[in-house]
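Contents: one structure, followed by commentary.
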Amino acid sequence: MEAVNNEWQGKQVEAARALTQQGSQALRQNQIPAAEGALTEAAIVLDMVENFDVEATKIRAQIFNEVGFIRQRQNKLDEAQSLHERAVTMCDELIEKGVEFRGNAAATCINLAGILAQKGDFAKGQEINQRAADLAEALLAEGGNLAQAANLTFGANQNLAVIAGRAGDFDTANKAMNRALEVIDSLPEDGKKQISVQAAQGAQQLSVMLFQQERHEDALKWGKVAEAQSEVAYEAGGESVLPVYVTSQINLISFFEAVGQFAQAENALFKALDVVGEHPQILERGVAFYDEIRKLTDESLEAGDLPRDEVEESFAEVSKRYGVAKAKAEAEAEAQAAEAGKTAS
């Protein structure tokens, strides 16, 4: 009888595994209703498996983690937190029983930390994310699946940097982001390119937080990192990652301006314009930049390698370009509205 029961439970586990794989694939393809349906059905099937079963617990942990991610996307943060906490508990149970599940535990902790940060509990989020980083670092040090461990270690440290920054712990944030960059350097060129977008976005977030705290030199440091990583991403991904590159340049205008490096701020402006053309919003940012530094003394402008005559010349040029681009955008918007009105009637 026990053998029959074990065989039946084994079939339930396999059925749940197939449904979970189906749900995971749908989630990766952003097919949320299909993913939620398959994962929910898998959880129901597993409810029929009695006692602690290693394979069933692995699948349950994955289900709770992924449904938690869906709930986070749906902005149901309390439910998402609860699901991720249950997934972390299952990961811990498996690890305590000698099952190698540290990678899954680290990934789940990263997700839970993100939810806590989203809810404003940065201290708890930082604590949970530190555990994720510790687990990932241990896997990387052991030299198993290096690519997987390196990517997990990068993600854990970058996420830790952002959460610590939001918590105001900039020492930890700087340390964690530096560690994330070290991990990137250890990857082959293809690996660096694949991860460059995330690296750029993480450095951007940290730089903006530092700038808001008036830590301008630190903001500029990470702004330059964001620029370098976004350039790698742009070269590898082209148009799809253009917004990341442009955002890095726009941020650098403010960062360079804040530390008095006006020529470098101007360079960042024209780098952005070089790739997007006559974009009204970027040209408007340029007008604001020149209008602001025109108020400074000649000595300050000279110290920033942008003499007044060059400032005035660039201000006139960019203002003219902005006027033309704005008028063109407004005309196009009016034409589209008129066309929409014809279609509606």
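The values are calculated or read from the model by the stated rules, or taken from the named source; none is laboratory data. Keep in mind that what you see is a predicted model, and the values were worked out from it rather than measured. Please note: Cβ atoms are built from the backbone with ideal geometry, for glycine as well, and neighbour counts cover all protein chains shown. Each accessible area value is taken on the protein alone, full model and side chains, heavy atoms only, with ligands, DNA and RNA left out. Shrake-Rupley method; radii C 1.70, N 1.55, O 1.52, S 1.80 Å.
Quick rundown of the values:
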{"quantity": "Residue ID - nearest to residue 280 (Cα to Cα), chosen from residues in region 294-345 that are surrounded by 14 or more Cβ atoms within 10 Å (Cβ to Cβ) and of a type in the set (Lys, Arg)", "calculated": "326"}
{"quantity": "Unmet criterion (only one of (1) surrounded by fewer than 16 Cβ atoms within 10 Å (Cβ to Cβ); (2) modelled with pLDDT of 95 or more; (3) among the polar types (S, T, N, Q)) for residue 249", "calculated": "(1)"}
{"quantity": "Output for region 207-229, where each listed residue is acidic (Asp, Glu), in a helix (DSSP H, G or I) and surrounded by fewer than 17 Cβ atoms within 10 Å (Cβ to Cβ)", "calculated": "217"}
{"quantity": "Among the residues listed as 340, 329, the single one being of a type outside the set (D, E, K, R) and either assigned to a loop (DSSP other than H, G, I, E, B) or over 30 Å from residue 234 (Cα atoms) (or both)", "calculated": "340"}
{"quantity": "Test for residue 112: is it in a helix (DSSP H, G or I), farther than 23 Å from residue 179 by Cα and in contact with an Asp or Glu (Cβ under 9 Å, 6 or more places away or on another chain)", "calculated": "no"}
{"quantity": "Cβ-Cβ under 9 Å pairs, at least 6 apart or on other chains, region 292-303 side polar (S, T, N, Q) and part of a helix (DSSP H, G or I), far side surrounded by 11 or more Cβ atoms within 10 Å (Cβ to Cβ) and at pLDDT 95 or above", "calculated": "300/260; 300/262; 300/293"}
{"quantity": "Qualifying residue in region 315-326 (condition: closer than 21 Å to residue 258 by Cα and assigned to a helix (DSSP H, G or I))", "calculated": "yes"}
{"quantity": "Neighbours by Cβ (under 8 Å, 6+ apart or cross-chain): first from region 308-322, over 11 Å from residue 291 (Cα atoms); second open to solvent by 60 Å² or more (accessible area, probe 1.4 Å)", "calculated": "308/294; 308/298; 321/278; 322/284"}
{"quantity": "Count of residues meeting criterion [within 16 Å of residue 316 (Cβ to Cβ) and in contact with a helix residue (DSSP H, G or I) (Cβ under 8 Å, 6 or more places away or on another chain)] in region 285-300", "calculated": "8"}
{"quantity": "Answer from 306, 269, 301, 283 - the residue that is closer than 14 Å to residue 254 by Cβ, modelled with pLDDT of 95 or more and not aromatic (Phe, Trp, Tyr)", "calculated": "269"}
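Every residue, every condition in (1) aliphatic (A, V, I, L, M); (2) out of contact with any strand residue (DSSP E or B) (no Cβ under 8 Å at 6 or more places or on another chain); (3) under 29 Å from residue 136 (Cβ atoms); (4) modelled with pLDDT under 90, yes or no:
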position	(1), (2), (3), (4)
13	yes, yes, yes, yes
29	no, yes, yes, no
64	no, yes, yes, no
74	no, yes, yes, no
83	yes, yes, yes, no
91	no, yes, yes, no
95	yes, yes, yes, no
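Here is a yes/no grid of residues against (1) more than 18 Å from residue 198 (Cβ to Cβ); (2) acidic (Asp, Glu):
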residue: 93; (1), (2): yes, yes
residue: 102; (1), (2): yes, no
residue: 110; (1), (2): no, no
residue: 116; (1), (2): yes, no
residue: 130; (1), (2): yes, no
residue: 138; (1), (2): yes, no
residue: 149; (1), (2): no, no
